[in-house]
Structure formats: C-alpha cells, structure tokens
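Where a number appears in this text, it was derived from the coordinates with a stated rule and is not lab data. Predicted, not measured: the structure shown is a model, and the values here were computed from it. As a convention, Cβ positions derive from the backbone with ideal geometry for all residues, glycine included, and neighbour counts pool all protein chains shown.
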Amino acid sequence: QKEVEQNSGPLSVPEGAIASLNCTYSDRGSQSFFWYRQYSGKSPELIMFIYSNGDKEDGRFTAQLNKASQYVSLLIRDSQPSDSATYLCAVNAGGTSYGKLTFGQGTILTVHP
Amino acid sequence: AAGVIQSPRHLIKEKRETATLKCYPIPRHDTVYWYQQGPGQDPQFLISFYEKMQSDKGSIPDRFSAQQFSDYHSELNMSSLELGDSALYFCASSRGMGFGELFFGEGSRLTVL
C-alpha cells in the first residue's frame, strides 16, 4: 500500500461545477498536508496547505482534513478550464523530516467548457 | 518575484556518463530539496540540505551525491548513469525547514540513452 493514495481519476467536471479530490495517508504521525497542482511537464505549484482538523478556505479552494480518518480533500468551486491539471496530495511526517514530502500518485482533473 | 532556478533545463547523456544539475534557490531561502519524477510517476524525495548541511535523505542512489554551497545553491551529481535515471529532477527551496511549503523550480529533464 502506498503511503499516500489518491483517487486515480481522471476526473472530468463541467465548467462552473465543484471538483472534489480525495487523499488518504497511512502514517498517523503525519503533521502537515499539502495540495500541489502540476501542469504537464511543469513543476508542482503549491495550492493549499492544512495542519489542523477541519476546513481551510482560500478563494475557490477548500482543503479539508480529518486526522482520525487519515483523510484530506480538496474542493475546487466554480471550476475553470485553467484548473485542468494533475493535483498532487503531499504529506509531511514532521519531526526532523520537514520538506521530505511523500506524494500521492496524482489525480488528473479535466474541466470541460 | 524570483523563483527557483535550475540548470540545465534539458540534458542528454549516454549510459555510464556523469551529469551535474544545478539549483539556485529563491533569495533568502536556506533549504534546498531534490526530487526525482519519472514518467507518469509522483515526485520522489532524494535529499535535502539546510544551511549547507544534509538535513534528510530519501531514495537517492549511491551513485548520486549532492551538496549545498556557501551561497546556498546546490548541485546534484549523478555518475554511472543508467537508463532508469531518465526523469525530471526538481529542486525546491524553502526558508528554514519549510514544513512542506516548498517552491519548486521548473525542473531539469535528464534523458539517458
């Protein structure tokens, strides 16, 4: 079992809809959680990070964390074609391993007009 | 705003040759991370440096070595290249131990023939 698992997709949503991306992780000691967006052949770009249980909103993006269930999600409201990309969930174990992110395999999102 | 600079952007080598990748972090960022991303794969953590000292080590082959210099730039040296080393190599930087809030460079694409 991978340490970080994402719904494999691809996920296709119409423009204006809500896209929901999910991620589970196996290490209960994980401290911080990140969503990166990666366009094909480009570098990952940080979208959201969340450390505490609950929701965190930033514009059209909402990250949700449930440590008891070892689950983190990303909601994208009012999806736009420019949101079409691979979304990578990443987990940081913390302790002395800051920056040592473990990534999920990514979910390909396509937003069609 | 200044970003993480990587060079070269593309590199083609033969098997058993040596390659060196360079990374210049964002100004005032003192931590550098190297990740390897194979085709269709998620980024895999290789190694990181904080204040010129190795801070963490991941799945970096013994044939690879890296260091961070006094100006905080970093170099990844890869020897005895194998076909399987063909990948995108990302450098990321953060200020202090970034808790996963990493800023990635555009990557160096290594092709081993």
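Taking N as the number of residues in segment B:1-106, what value does Rg over Cα atoms divided by 2.2 N^0.38 Å take?
Values: Rg = 13.0 Å, N = 106, 2.2 N^0.38 = 12.9 Å.
With N residues counted in segment B:1-106, Rg over 2.2 N^0.38 Å equals 1.01.
For B:K13, which sequence-distant residues (separation of 5 or more, or a different chain) have an amide H within less than 5 Å of its own amide H, given hydrogens modelled in the peptide plane?
B:T111, B:V112, B:L113
Please give the FRET efficiency for B:H73 paired with A:K67, using the beta carbon to beta carbon distance and R0 = 30 Å, rounded to the nearest 0.05. If you can, show how the numbers build up before the last one.
Working: r = 37 Å, r/R0 = 1.24.
That gives a FRET efficiency of 0.20.
So, in Å, what gap is there between the alpha-carbon centers of segment B:41-79 and segment B:3-29?
Their Cα centres are 11 Å away from one another.
Within 10 Å of each Cβ in peptide B:41-53, how many partner chain Cβ atoms are there on average? Round it to a whole number, please. All intermediate terms of the calculation are to be shown ahead of the outcome.
Values: counts 3, 16, 10, 3, 7, 1, 1, 4, 1, 2, 0, 0, 0.
For this peptide, the per-residue mean of nearby foreign Cβ atoms is 4.
Under the rule of at least 5 residues apart or a separate chain, name every residue whose amide H is placed under 5 Å from the amide H of B:D56.
Here the answer is B:S48, since their amide H atoms fall under 5 Å of that of B:D56.
For every other residue with a beta carbon closer than 10 angstrom to the beta carbon of B:K52, add +1 if it is Lys or Arg and -1 if Asp or Glu, then tell me the sum.
Values: positive: none; negative: B:D30, B:E51, B:D71.
Net charge in that neighbourhood comes out at -3.
In what sequence, highest mean first, do B:46-53, B:79-86 appear when ranked by Cβ atoms within 10 angstrom? Show your work: numbers first, answer last.
Details: B:46-53: 18.9, B:79-86: 14.4.
In descending order of packing, they fall as B:46-53, B:79-86.
Hey, got the Cα dimensions of segment A:9-56 along the principal axes, in Å, largest first?
Result for segment A:9-56: principal-axis Cα extents of 35, 26, 19 Å.
Could you compute the net charge surrounding A:S30? Neighbours are other residues with a C-beta less than 14 Å from the C-beta of A:S30; K and R count +1, D and E count -1.
+1
Rounded to the nearest whole Å³, what is the per residue volume of the convex hull around the Cα atoms of chain A? Don't skip to the end; give the middle numbers.
Details: hull volume 10.8 nm³, N = 113.
Cα-based convex hull of chain A, divided per residue, equals 96 Å³.
May I ask which of A:K2/B:K52; A:K100/B:K52; A:K56/B:K57; B:K22/B:K57; A:K42/A:K67; B:K22/B:K52 have a Cα-Cα span longer than 22 Å here? Could the numbers behind the result be given before it?
On the way: A:K2/B:K52 31 Å; A:K100/B:K52 16 Å; A:K56/B:K57 31 Å; B:K22/B:K57 18 Å; A:K42/A:K67 31 Å; B:K22/B:K52 15 Å.
Check vs 22 Å cut-off fails for A:K2/B:K52; A:K56/B:K57; A:K42/A:K67.
How many times 2.2 N^0.38 Å is the alpha carbon radius of gyration of segment B:56-113? Each step should come with its number before you reach the end.
Values: Rg = 12.8 Å, N = 58, 2.2 N^0.38 = 10.3 Å.
For segment B:56-113, the normalised Cα radius of gyration comes out at 1.24.
Counting only the backbone N, which residues of segment A:49-88 are under 17 Å from the spot 7 Å out from the Cα of A:A17 toward its beta-carbon?
So the set is A:74-87.
Do you know the relative contact order of chain B, to the nearest whole percent, from alpha carbon pairs under 8 angstrom that are 6+ apart?
Values: 292 pairs, mean separation 41.7, N = 113.
Rounded, it is 37 percent for chain B.
Roughly how compact is the protein assembly as shown, stated as its Cα Rg over 2.2 N^0.38 Å to two decimals? Please list the in-between numbers first.
Details: Rg = 17.5 Å, N = 226, 2.2 N^0.38 = 17.3 Å.
The value comes to 1.01.
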